[in-house]
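To keep things clear, I will list the structure first and then write my remarks on it.
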Amino acid sequence: MVLIRESRQSDNHALAQLMGELGYPTSAESMRKRMKAIESNPMNGTFIAEMDNLIKPERAAAHEFYKSKGYDINGYRFLKKL
């Protein structure tokens with residue numbers, strides 16, 4: 001079962017790996033700084049897909065999750081009419 005939850009600082013290493021997979025190589029320390037800046041704005045949020053207590057930083061898994069919830073792929077975003 002996949003759990004979707006808000007990110008934590010302990011996720012920064014896995015998030016840095018995901019950024020590398022997406023073509024944006026970064027370090028865990030750099031990711032920590034980015035996440036701190038993102039989290040400073042209450043309008044922002046970052047969610048994590050977790051399975052068996054492990055973060056699944058695979059792009060395809062994220063895409064399948066959003067598609068299964070009825071979102072359409074539109075560029076770099078997932079959209080859903082509410």
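Readers should treat all values here as calculations from the given coordinates under stated rules, not as data from a laboratory. What you see is a predicted model, and the numbers here were worked out from it, not measured in a lab. Here Cβ is always computed from backbone atoms with ideal geometry, including for glycine, and neighbour counts include all displayed protein chains.
Observations
- Working ranking of peptides 12-19, 40-47, 63-70 by packing, defined as the average number of other Cβ atoms within 10 Å per residue, highest first, is 12-19, 63-70, 40-47.
- Calculated P(r) tail over 14 Å for segment 1-53, as whole % of Cα pairs: 55
- Length added when fully stretched, residue 36-residue 63, from 0.36 nm per residue minus Cα-Cα: 7.2 nm
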